[in-house]
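A.B. asks: Quick one: the structure is below, and I'll ask about it shortly.
The values are calculated or read from the model by the stated rules, or taken from the named source; none is laboratory data. All of these numbers come straight from a predicted model, not from anything done at the bench. All Cβ positions, even for glycine, are placed from backbone atoms using ideal geometry, and neighbour counts span all protein chains on display. These area figures cover heavy atoms from the full protein model, side chains too; ligands, DNA and RNA do not enter into them. Shrake-Rupley method; radii C 1.70, N 1.55, O 1.52, S 1.80 Å.
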Amino acid sequence: MVALNGFFASIFLAIAYTSSIMAKSAFSSTKYPTHRVRNIGRAFKVETFHPETSYKTFGTGLEQPASLVEVPLPESAVSVVTAQLGIDVSNVEYKSGYKAGSKKYAYVKQSHDGVSFVNAVANVAWNANKVVSFGSSFVKTDKIAPSNPSVTVPSFIAKIEELLEGTYNEHPTTLEYLARPDGSVSLVHVVQIQNTEANTWYEALVDAHNGDLLSVTDFVADASYKVLPINKQVYTDGLEILVDPQDLSSSPLGWHDDGTTRTTGTAGNNVVAFKSAQSATTSQSSEGSFNYTYNDLKAPTSPENLNAARVNAFYTINSVHDIAYRYGFTESAFNFQKNNFGKGGKGNDRVLMSVQDASGTNNADFATPPDGQSGTCRMFIWTLTPVRRDGTMENDIIVHEMTHGITNRMTGGGTGRCLQTTEAGGMGEGWSDAMAEWTEQKSGTTVDYVLGQYVTNNPAGIRTHPYSTNPAINPLRYSSIATLKEVHNIGEVWANLLHNMYAALVAARGFSTTARTDSTGSEGNVVFLHLFIDALALQPCNPTFVSARDAWIQADMDRYGGVNRCILWRAFASRGLGMMAAGFVDDSTVPDDC
Ligand SMILES: *[C@@H]1O[C@H](CO)[C@@H](O)[C@H](O)[C@H]1NC(C)=O
Ligand SMILES: [Ca+2]
Ligand SMILES: [Zn+2]
């Protein structure tokens with residue numbers, strides 16, 4: 001990028017700078033429309049049932065009696081349902097409906113003795129005051145349980161919590177009827193059971209006459225995504241279909257719900273991934289599934305590839321949101337969300353992720369305005385290979401960009417103004433590379449790390465050296481900055497310091513394979529990311545290497561009582577950022593007790 005907006009930080013300044021560019025189911029498919037078997041927890045299997053739905057459409061529509069045309073929607077809905085089914089108004093409960101131009105929609109539930117049904121519903125649609133469709137899953141009630149419960153919620157809650165491996169979340173319980181596969185109707189207590197660690201959230205339907213668990217609603221069944229998993233780096237590592245990858249501790253309503261709107265496309269509370277216009281998102285390929293296959297022998301812009309790219313962008317930005325949230329990049333710490341759920345900070349600033357952005361090539365960038373305004377990421381197509389490559393199919397680039405948003409927001413309190421000096425901007429590039437590396441290290445053996453090798457089709461990637469603890473592979477030291485002028489080159493020095501710190505912490509404290517969704521461990525990679533995020537909030541506006549180092553030492557004191565102090569000092573000192581380092585002159589001093 002040449003003309004840089006002040007807010008934008010690109011993955012590398014210009015292509016010329018890189019010296020080395022060469023340029024489910026155990027039952028028959030006949031039950032698919034009405035049943036679903038879910039495995040819950042370690043050993044529990046439950047089959048849920050939804051009575052068969054009848055559906056009629058009426059072409060140009062059924063005339064309604066003139067007397068019904070002007071009545072409110074609930075009344076006309078109930079009258080259509082009672083007429084269609086030949087039942088009494090006391091068996092129909094209006095639920096919701098709305099008007100859109102000349103069209104009207106209404107949704108009702110079956111009801112008995114004033115108790116509504118969970119799974120017996122009907123819907124009516126009108127156009128120009130004529131009924132155009134009617135759907136119903138109402139059931140017979142000749143085998144229905146009494147409407148007065150004989151067991152209470154406290155009498156069975158412990159058993160249900162154990163079965164569903166979660167805890168009751170205090171959401172008010174309800175009493176409803178449940179239609180059963182054998183034609184009977186049971187009275188149920190409806191109770192929400194949640195487990196934020198394991199990412200589960202169920203509605204338990206418990207028999208109100210004997211306390212048995214009869215069915216569940218799975219609130220988390222958002223979608224499956226064919227993507228490059230966050231711990232993989234590049235397209236050639238292989239796409240996988242991931243089911244429900246969202247972390248409900250970080251995104252309580254999942255990735256497609258902002259509390260007002262629920263989408264089935266690549267737009268949600270944390271990010272909207274689009275091309276050209278924010279409305280140009282990718283929709284599910286089938287219900288609950290984003291199953292698009294990227295083929296890099298075809299142009300990135302071919303329709304299937306574009307869809308796959310938007311899905312991967314949506315997935316990766318959401319994943320970084322969820323990981324960083326666990327470690328402290330929350331609403332009150334100025335993160336990017338549309339709805340903040342009353343948890344502080346300013347909302348309405350989800351990330352706008354522009355995929356295959358037409359304004360550039362061979363790069364990517366991220367603009368970080370203040371908290372309350374959306375971060376904007378632009379991903380470009382790379383032109384260095386005969387068939388062009390899409391930066392969106394290389395996760396290190398997406399994670400690098402999203403991390404600009406994290407560091408720019410968390411340094412200096414959400415203003416977006418505090419990584420503006422060359423030195424601080426350089427560290428910004430370094431943190432971004434280090435975060436990409438953090439997501440991709442796979443074991444306690446810390447391996448050297450290269451960035452940008454797929455889009456450039458060059459194993460050496462886009463930086464001057466791999467990140468490495470070996471000075472023969474990466475010789476960069478604090479003093480190297482004296483001769484480096486460009487932020488990405490300065491960033492390499494910082495990223496390599498962070499790589500050395502990471503490797504030392506993992507060598508000393510081990511490696512957690514669940515660090516992305518569990519920030520409570522004592523392993524080195526968990527400790528590293530805590531200190532990374534904590535230090536951002538601690539450090540001054542426009543930090544230097546020296547003040548950023550001091551913030552890491554302080555972060556360790558604050559969170560861990562300083563137990564990692566000597567590990568950190570030795571790592572810093574090994575690359576010239578010892579106690580007396582100043583003015584880009586190396587120093588290898590560590591505290592006396594280290
Ligand atoms: C995804 O799509 C492929 C190709 O269309 C198909 O073979 C596969 O079964 C689908 N997988 C899922 C889980 O939807
Ligand atoms: Ca915000
Ligand atoms: Zn960058």
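A.B. asks: Computed on alpha carbon atoms, what radius of gyration and Dmax characterise region 249-372, expressed in Å?
C.D. replies: Considering region 249-372 through its Cα atoms, Rg and Dmax are 14.8, 46 Å.
A.B. asks: Output the peptides 528-536, 462-470 sorted from most to least packed, where packing is the average of other Cβ atoms within 10 Å over each peptide's residues.
C.D. replies: Details: 528-536: 24.4, 462-470: 19.0.
Listed from highest to lowest mean packing, they are 528-536, 462-470.
A.B. asks: When the Kirkwood radius is taken over all Cα pairs of region 209-295, what Stokes-Einstein diffusion coefficient follows at 10 °C and 1.306 mPa s, in µm²/s?
C.D. replies: It diffuses with D of about 107 µm²/s by this estimate.
A.B. asks: Okay, moving on. For region 473-594, what is the accessible area per residue in Å², given a 1.4 Å probe and the full set of protein chains?
C.D. replies: 37 Å²
A.B. asks: For the pairs 103/338; 99/346; 95/140; 226/275; 109/143, note any where the Cα-Cα span goes beyond 24 Å.
C.D. replies: 103/338; 99/346
A.B. asks: Cut-off under 17 Å on the C-alpha distance; same-chain residues fewer than 8 positions from residue 232 excluded. Which lysines are left, in chain and number order?
C.D. replies: 442
A.B. asks: Using the crude model of +1 on Lys and Arg Cβ and -1 on Asp and Glu Cβ, and no other charge, please compute the dipole size for region 360-422 relative to its Cα centre, in debye to 20.
C.D. replies: Dipole of region 360-422, to the nearest 20 debye: 120 debye.
A.B. asks: Cβ neighbours within 10 Å, averaged per peptide: list 581-590, 131-140 in order, most packed at the top.
C.D. replies: On the way: 581-590: 15.5, 131-140: 18.9.
Averaged packing, sorted descending, gives the order 131-140, 581-590.
A.B. asks: Over 20 Å intervals from 0, what percent of Cα-Cα pairs in the chain sits in each interval?
C.D. replies: Reading the bins upward from 0: 18, 44, 27, 10, 1.
A.B. asks: If you don't mind, there's one more thing I want to ask. What is the sum of charges, Lys and Arg at +1 and Asp and Glu at -1, for the other residues whose Cβ falls under 13 Å from the Cβ of residue 584?
C.D. replies: 0
A.B. asks: Picking from 152, 168, 205, whose Cα lies most toward the positive end of the charge dipole for the chain (charges on Cβ: Lys, Arg +1; Asp, Glu -1)?
C.D. replies: Farthest towards the positive pole: 205.
A.B. asks: Provide, in order from the shortest bin, the percent of all Cα-Cα pairs of region 330-459 in each 10 Å bin, continuing until the bin that contains the maximum pair distance.
C.D. replies: 13, 37, 34, 15, 1
A.B. asks: So for the pair residue 443, residue 384, with labels modelled 7 Å out along Cα→Cβ, what separation do we get in nm?
C.D. replies: Label at residue 443, label at residue 384, 2.9 nm between them.
A.B. asks: Shifting gears a bit: Go through 117, 127, 86 and say which Cα lies farthest out towards the positive end of the charge dipole of region 65-129; charges sit on Cβ, +1 for Lys and Arg, -1 for Asp and Glu.
C.D. replies: 127
A.B. asks: Additional query: Using a/c under 1.5 as the rounded threshold, could you call region 450-594 rounded, prolate or oblate? The axes a ≥ b ≥ c are square roots of the C-alpha gyration tensor eigenvalues, and prolate needs a/b larger than b/c, oblate otherwise.
C.D. replies: oblate
A.B. asks: Taking the Cβ of residue 370 as the center, what net charge do the other residues with Cβ under 14 Å away carry, scoring Lys and Arg +1 and Asp and Glu -1?
C.D. replies: Net local charge, residue 370 excluded: +1.
A.B. asks: Does region 129-245 classify as rounded, prolate or oblate by the C-alpha gyration tensor (a ≥ b ≥ c root eigenvalues; a/c under 1.5 gives rounded; else a/b over b/c gives prolate, otherwise oblate)?
C.D. replies: It comes out oblate by the Cα gyration axes.
A.B. asks: Roughly to the nearest percent, how much of the accessible area of the chain is carbon and sulfur, given a 1.4 Å probe?
C.D. replies: On the way: 12730 of 24170 Å².
Here it works out to 53 percent.
A.B. asks: Go through the chain and flag any cysteine with no other cysteine's C-beta closer than 4.7 Å, please.
C.D. replies: Isolated Cys, the chain: 377.
A.B. asks: Taking 0.36 nm per residue of separation and subtracting the Cα-Cα distance, what length does fully extending residue 155 through residue 486 add?
C.D. replies: Answer, rounded to one decimal: 112.5 nm.
A.B. asks: How much length, in nm to one decimal, is gained on full extension between residue 263 and residue 184, taken as 0.36 nm per residue of separation minus their Cα-Cα distance?
C.D. replies: 25.0 nm
A.B. asks: Between residue 56 and residue 279, take the C-beta separation as r, use R0 = 22 Å, and let me know the FRET efficiency to the nearest 0.05.
C.D. replies: 0.10
A.B. asks: With +1 on each Lys and Arg Cβ and -1 on each Asp and Glu Cβ, how big is the dipole of the chain about its Cα centre, in debye rounded to the nearest 20?
C.D. replies: On the way: 44 positive and 58 negative charges, 220 e Å.
Here the chain has a charge dipole of around 1060 debye.
A.B. asks: Given the rule -39500 (n - 2.57) for each run of at least 4 DSSP H residues, summed and divided by the residues of the chain, what is its mean residue ellipticity at 222 nm, to the nearest 500 deg cm²/dmol?
C.D. replies: Mean residue ellipticity at 222 nm (helix-derived): -8500 deg cm²/dmol.
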